[in-house]
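A quick write-up on the structure given underneath.
Please treat every number below as a calculation from the coordinates, not as lab data. Keep in mind that what you see is a predicted model, and the values were worked out from it rather than measured. Because the Cβ atoms are built from the backbone with ideal geometry, glycine has one as well, and the counts that use them run over all protein chains shown.
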Amino acid sequence: MNDEDWRSNARHEMLLERALLLKNIRAFFDVRGVVEVETPLLSHHSTTDPHLDSLSTSFRDETCYLNTSPEYAMKRLLAGWQQPIYQICKAFRDDELGPNHNPEFSMLEWYRPGYSMEQLMDELAELVKTVCQGSQSSLLNSASHKNPVFERLSYQQAFERFAGLNPHKTSSAQCYQIAKANAVEIPQGLSVDDEVDDWLDWLLTQLVLPAFEKGGFTFLYDYPKSQCALAKIGLNDTAVGPPVLVAKRFELFFGEIELANGFHELSDAKEQLQRFEAENQSREQAGKELGCIDNNFIAALSSGLPDCSGVAMGLDRLLMVLADAKYIDQVLAFSWSRA
């Protein structure tokens, strides 16, 4: 520790830009009749996602967890209220620290009853355009930021264009050969015996995302059905070939940086419980602590979640790319090192 550690990581101008960002987001949803809500950050339940880990604490000798996202509680509200809602809150993820990661971060999440995945992508693009054009800071002076362009690629289109394979019909062995042919370094522990999704995730980061427009936004949608998470399964975009079943899921990237993750939300309680249990099996195989399944969320799905789409976006990362910041510390009042 030194004498300057008490100071904010972010410049004064950046903190003002963050305040304006939040103001403009709230104004965007207010005129559209989307209601702001608050749900608890502290929960009895932890994530079952094998790629995430919840931070734990305790209350009266009971283990409890900081939310990795407000999703389950928001869907409980949605099941009872049937109204479009949004939330700006803190979220927490264990063992995430780096140029684009802080264990505590700001998240915007919203749900739209009656919206398709495509309609929600449209609205997300409009939101990003609105906050770009509403900025008053010299930090956001790039013309590409003031008039952002959005490209849309299906997962299949992106892999066929940049990796030379159809992700819905490939194998681990074929992915291995693609990696070797493109001089992609194969990380320790990844072999041809591993799941094809592990290989697709690796090729995504090594071949596909680096090929995205560096100064532009890209929607990637219609993921393999095995990567469904909380999304419905449906037919893919038939413009890229014969229809196949895919996860109705999308992500928004700026260059290689992931900003948002959205779904046409699964509403089948039985299927959702089966997915949670399968995720816990994956956690067990990886030697991780099992997630504590949120049975209140399952009960809410059983009562009737409206047909809807939802999306979560990292606000720190959005501010990073708008202000051309290289590190997340530059847009946080106090990062983990100074918390």
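Miscellaneous remarks
- With viscosity 1.567 mPa s and temperature 4 °C, the Kirkwood radius over alpha carbon pairs of the chain converts through Stokes-Einstein to a diffusion coefficient of 61 µm²/s.
- The chain - percent relative contact order, Cα under 8 Å, separation 6 or more: 25
- Convex hull of region 103-232 built on C-alpha atoms - directionally averaged projected area, nm²: 10.6
- Built amide H within the under 5 Å cut-off of L259, gap 5+: L252, F253, F254
- When the pairs K180/K248; K23/K75; K23/K326 are compared against a 26 Å limit on Cα-Cα distance, K180/K248 fall above it.
- Local net charge near D316, Cβ-Cβ under 11 Å (Lys/Arg +1, Asp/Glu -1): +1
- With the convex hull of its Cα atoms as the shape, region 197-339 has an orientation-averaged projected area of 11.5 nm².
- Spin-label pair D197/N295, simplified geometry with 7 Å Cα→Cβ offset, distance in nm: 2.6
- Karplus-based coupling profile of region 98-110, in residue order and whole Hz: x, x, 10, 10, 9, x, 10, 8, 9, 10, 10, 9, 8, with θ = phi - 60° in 6.51 cos²θ - 1.76 cosθ + 1.60 and x standing for Gly or Pro.
- Across every pair of non-identical alpha carbons in region 186-252, the mean reciprocal distance, once inverted, gives a Kirkwood radius of 13.6 Å.
- In the chain, the calculated helix contribution to ellipticity at 222 nm averages -10500 deg cm²/dmol per residue, counting -39,500 (n - 2.57) for every DSSP H run with n ≥ 4.
- Rounded to the nearest 20 debye, dipole of region 176-305 from Cβ charges on Lys, Arg, Asp, Glu: 280
- Taking each residue as 0.36 nm, the span from K23 to H51 lengthens on full extension beyond its C-alpha to C-alpha distance by 6.9 nm.
- Neighbourhood charge, 11 Å Cβ-Cβ cut-off, centred on R112 and excluding it, Lys, Arg +1 and Asp, Glu -1: -3
- Between Y223 and A247, R249, the built amide H atoms are under 5 Å apart, and every one of these is 5 or more places off in sequence or on another chain.
- DSSP-assigned coil residues among chymotrypsin sites (Phe, Trp or Tyr not before Pro) in region 1-59, each with at most 13 further Cβ atoms within 10 Å: W6
- Sparse packing (at most 15 other Cβ atoms within 10 Å of the Cβ) combined with a DSSP loop state is found for the following GluC sites (Glu not before Pro) in region 274-306: E289.
- When the square roots of the Cα gyration tensor eigenvalues are ordered a ≥ b ≥ c, the ratio a/c for region 52-155 is 1.5 or more and a/b does not exceed b/c, which makes its shape oblate.
- For region 304-319, Karplus couplings with θ = phi - 60° (6.51, -1.76, 1.60), whole Hz, Gly/Pro x: x, 6, x, 4, 7, 10, x, 8, 10, 10, x, 6, 5, 5, 4, 5
- Gain in span if fully extended, D324 to S171, counting 0.36 nm per residue against the direct Cα distance: 51.3 nm
- The modelled label-to-label distance for the pair H101/A286, using points 7 Å beyond Cα in the direction of Cβ, is 1.1 nm.
- Using 0.36 nm per residue and subtracting the Cα-Cα separation, the extra length available between R7 and I257 on full extension is 87.2 nm.
- Phi-derived couplings, Karplus 6.51 cos²θ - 1.76 cosθ + 1.60 at θ = phi - 60°, listed residue by residue for region 113-130: x, x, 8, 7, 4, 5, 5, 6, 4, 4, 5, 4, 4, 5, 5, 4, 4, 5 Hz, with x used for Gly and Pro.
- Dipole in debye (nearest 20) - the chain, about Cα centre, beta carbon charges: Lys, Arg +1; Asp, Glu -1: 840
- Of interest is the spacing of the C-alpha centroids, which for region 114-132 and region 1-58 amounts to 20 Å.
- Using C-alpha pairs below 8 Å separated by at least 6 residues, the relative contact order for region 215-339 is 21 percent.
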